[in-house]
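Notes follow the structure.
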Amino acid sequence: MKNLKKQSFPSVSTEEWKVKAEQSLKGKTVESLQTTTYENIVLKPLYSQHDEQIIPDYPGGSDFRRGIFPLGYVTNDWKIAQRLFYQTAEELKEKLHHSFEKGQTAISFHVSKDLLDANLVKGLAESSSQYPFSINAKDSQIAFLALLEKELEQVGTCDKISGYIGADPVAIFAKAGDISEEFIEDWVKNIRNSTETFPNLRTILIDTVSYHNGGANAVQELGIAIAEGIFYLEKLQEAGLELDEIFAKIIFQFSIGSNFFMEIAKLRAARVLWSRVSSVYGANEDKSRMNIAVETSTITKTLHDPYVNLLRAGNEAFAAVVGGIQYLHVSPFDDLTGVTSFSERIARNTQLLLKEEAHLKKVIDPAGGSWYVEHLTNELAEKAWGFFQQIEANGGILETLKSNWLQQEIAAVYEKKIHDIQTRKKSIVGTNVYANLDEKVTYKKAPEKNSYFANGKNLLIKIEAIPDHRLAEPFEELRKKAVDLEGKLGAKPFVGMICLGGLKQHKARLDFMKGFLAAGGLKAVESNPIISVENARQFVLEHPAMHYCLCGTNDQYEIIGHDILNVLKTEFPERTFYLAGLPEKEKQGLWMDEGIKQFIHMKSNCYETLLLILSELEVSKVEETKA
């Protein structure tokens, strides 16, 4: 036993590991495993102590990457801030009371102009002295704080409320497509007045959620956050507020996406960058610590197979907590179709699970010291600082919005992301892979877009709005087309699969095609094993369709595929034929000459192919109706 305890693995050098790795890669190099992120950061397959840079030994100091408190969540737990939906002030009061009993630790709800009145605020009075606020009040902030002041002054508890009731004018402008100088002036006055009224309440929100949901990468989100922070520091100092006073009123809001380690590093890099800003300004270290509120991403969520959203939100919440936060909202899995009490409970319990079962509240900076995470944190911080400098060089955050420079930068990243989804280089389970054709979904009409400033403020500068995106939307549109077609045709639209040879010979490509077509709501109707031209002809006669696809091995294509295609194309010239797989380059021309419209393979643009098929089916139905 003593000898066993003394045994250890022999040390291995990086070069020795590389040799072994390349042996298993069968001729490929280790460098072939490198990937480039949307932030243009090259990820290596292995990180070691050689990648380590000087990092703080403890949280709560230095550049604050490891957290703003020395003991992390042990002494300063993150707040469960689930935003509640409600129809009346009484319902909100009841839901808050119930949520607090079940583990919620912050007052958080969607602020609606129509429901914001004295009655609603009165219902918050009791809770406000026990729990902090966690509210992005947007363009209702001024009205909200005025009502709150009026209610709480009567009992003298304005100084008791904490948390944040914030607004970010620049983010509002970016989403609305309007810039209002008058709105900024009113907002600045409100911040100045509320600083004295609510000394323990943060009111300056720097909200990057709109940019995230517009498609921005982590570098852009961080650069924008710092640029907005600088803009507000300058504006509010001009209005007469003290520097430390401003820093103490600021809170940042981020949305957390699906790239687990990138999102952890994003939050850590954010603190590094804000620490750099506060140091340059000479702010008090205690006043300028970066407070962060977080919500799980909208851009990653799907209308179809909504229960998968549970897993997505759980992954994003996990990354957020490990990254270090003060407030967290986990989106309910049915956020897109209508939140229920069940989904709100599951979202809240996701956080409780991370606290109580994963024990994350007992671990101080679990990512600290990871060679990979620390390296990623440093790269993000440096690239984000460079992007911030680009914003400043172009005139600052408002000028880059006015010139459309920022919108174009974000749109370029979004186009890369959506292309990867359309080509299925990136998977969305239940949407572009493993789609469930039997699923029933209620498609909602998109709400009309209203300007935030439709209340008479007329000093508007029109800019290009940054739209909210979801990466699943292109395929959801295809599925809706397929559902509409099914209603017109009386049956699910389909593509005929001409399966060459036995099951063993055509199954692999048949399964691929089934998954490929299902992403657009199309059914694959398969033939019995085709071993002759007559078999194929009989299948087409028995299953009349506009589109067919040959499925089989490359050998089967050469043995019987050409003969089948020539006969079918001659007898059914109006039908469209595809080939599953990608033949050798020198053989592709012959297939095209014989009548193959397209080769469908792993690198095909799934979205464009399915859109074409569905569009042709729609046109065919319209022409049939006219006839």
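Just a few scattered comments:
- Whenever a residue of the stretch 102-115 is over 21 Å from Ile161 (Cα atoms), its partners that are of a type in the set (Gly, Ala, Ser), lying with C-beta atoms within less than 6 angstrom and at least six residues away or across chains, give the pairs Lys113/Ser140.
- Number of residues in the stretch 305-318 that are buried (at least 24 other Cβ atoms within 10 Å of the Cβ) and more than 22 Å from Tyr434 (Cα to Cα): the value is 1.
- For the stretch 155-194, taking the residues that are out of contact with any helix residue (DSSP H, G or I) (no Cβ under 8 Å at 6 or more places or on another chain) and surrounded by 22 or more Cβ atoms within 10 Å (Cβ to Cβ), the one that is farthest from Leu120 (Cα to Cα) is identified as Ala176.
- Selection status of Asn404, more than 22 Å from the chain's Cα centre (by Cα) and surrounded by 16 or more Cβ atoms within 10 Å (Cβ to Cβ): no
- Ala412 vs. criteria in contact (Cβ under 8 Å) with a residue 12 or more places away in the chain and either assigned to a helix (DSSP H, G or I) or open to solvent by less than 10 Å² (accessible area, probe 1.4 Å) (or both): no
- Across the stretch 520-566, the qualifying residues are those that are part of a loop (DSSP other than H, G, I, E, B), hydrophobic (A, V, I, L, M, F, W, C) and open to solvent by 20 Å² or more (accessible area, probe 1.4 Å), and the one among them that is farthest from Lys492 (Cα to Cα) is Ile531.
- Here Ala317 meets each of (1) more than 22 Å from Ala381 (Cβ to Cβ); (2) outside any loop (DSSP other than H, G, I, E, B); (3) more than 15 Å from the chain's Cα centre (by Cα) with one exception, condition (3).
- Per-region count, the stretch 63-104, residues within 21 Å of Leu145 (Cα to Cα) and within 27 Å of the chain's Cα centre (by Cα): 6
- The set of residues from the stretch 273-304 being more than 25 Å from Gly386 (Cβ to Cβ), basic (Lys, Arg) and open to solvent by 30 Å² or more (accessible area, probe 1.4 Å) comprises just one member, Lys287.
- Enumeration of residues in the stretch 325-364 that are outside any helix (DSSP H, G or I), open to solvent by less than 50 Å² (accessible area, probe 1.4 Å) and either of a type in the set (A, V, I, L, M) or in contact with an Asp or Glu (Cβ under 7 Å, 6 or more places away or on another chain) (or both): Ile325, Leu328, His329, Val330, Ser331, Pro332, Val339, Ala358
- For the stretch 466-483, residues that are over 19 Å from Lys175 (Cα atoms) and touching a residue at least 60 places away in the same chain (Cβ under 8 Å) total 8.
- Matching residues, the stretch 429-456, being modelled with pLDDT under 70 and either acidic (Asp, Glu) or on the phi > 0 side of the Ramachandran plot (or both): Glu448, Gly456
- Hits in the stretch 1-22 (condition: in contact (Cβ under 8 Å) with a residue 12 or more places away in the chain and open to solvent by 80 Å² or more (accessible area, probe 1.4 Å)): Trp17
- Criterion (under 27 Å from Lys426 (Cα atoms) and aliphatic (A, V, I, L, M)) met by exactly one of Leu590, Leu617, Leu611: Leu611
- Per the conditions (1) more than 29 Å from Leu376 (Cβ to Cβ); (2) of a type outside the set (S, T, N, Q); (3) touching an Asp or Glu at 6+ places or on another chain (Cβ under 6 Å), the sole criterion not satisfied by Asp207 is (1).
- Condition broken by Leu96, with the remaining ones in (1) of a type in the set (A, V, I, L, M); (2) part of a loop (DSSP other than H, G, I, E, B); (3) crowded, with 16+ Cβ neighbours inside 10 Å satisfied: (2)
- If you check Ala472, Ala536 for being of a type in the set (A, V, I, L, M, F, W, C) and closer than 29 Å to Lys416 by Cα, only one passes: Ala472.
- Applying the criterion of being exposed (fewer than 14 other Cβ atoms within 10 Å of the Cβ) and among the charged types (D, E, K, R) to the residues of the stretch 23-50, the residue that is nearest to Ile364 (Cα to Cα) is Glu31.
- Qualifying residue in the stretch 77-85 (condition: open to solvent by less than 60 Å² (accessible area, probe 1.4 Å), farther than 30 Å from Leu115 by Cα and outside any strand (DSSP E or B)): yes
- Picking from residues in the stretch 589-601 that are of a type in the set (A, V, I, L, M) and in contact (Cβ under 8 Å) with a residue 12 or more places away in the chain, the one that is most open to solvent (accessible area, probe 1.4 Å) is Leu590.
- The stretch 51-76 - residue that is touching a Ser or Thr at 6+ places or on another chain (Cβ under 7 Å) and without any contact (Cβ under 8 Å) to a residue 40 or more places away in the chain and, of those, surrounded by the fewest Cβ atoms within 10 Å (Cβ to Cβ): Pro56
- Test for Val209: is it within 16 Å of Phe252 (Cα to Cα), at pLDDT 95 or above and open to solvent by 10 Å² or more (accessible area, probe 1.4 Å): yes
- Filter result for Ile428 (over 30 Å from Lys603 (Cβ atoms) and β-branched (Val, Ile, Thr)): no
- If you filter the stretch 100-154 down to residues that are under 15 Å from Tyr86 (Cα atoms) and assigned to a helix (DSSP H, G or I), you find that the one that is most open to solvent (accessible area, probe 1.4 Å) is Asn119.
- Of all residues making up the stretch 499-519, the number that are open to solvent by 70 Å² or more (accessible area, probe 1.4 Å) and aliphatic (A, V, I, L, M): 2
- Single condition Gly240 does not satisfy, out of (1) in contact with a strand residue (DSSP E or B) (Cβ under 7 Å, 6 or more places away or on another chain); (2) within 27 Å of Val280 (Cβ to Cβ): (1)
- From Leu582, Leu610, Leu590, residue being farther than 16 Å from Val533 by Cα, in a loop (DSSP other than H, G, I, E, B) and either among the charged types (D, E, K, R) or modelled with pLDDT of 95 or more (or both): Leu582
The values are calculated or read from the model by the stated rules, or taken from the named source; none is laboratory data. These figures come from a predicted structure and were not determined experimentally. Positions of Cβ are generated from backbone atoms using ideal geometry, with glycine treated the same way; all protein chains shown enter the neighbour counts. Quick note on the areas: whole protein, heavy atoms, side chains included, nothing else; ligands and nucleic acids left out. Shrake-Rupley method; radii C 1.70, N 1.55, O 1.52, S 1.80 Å.
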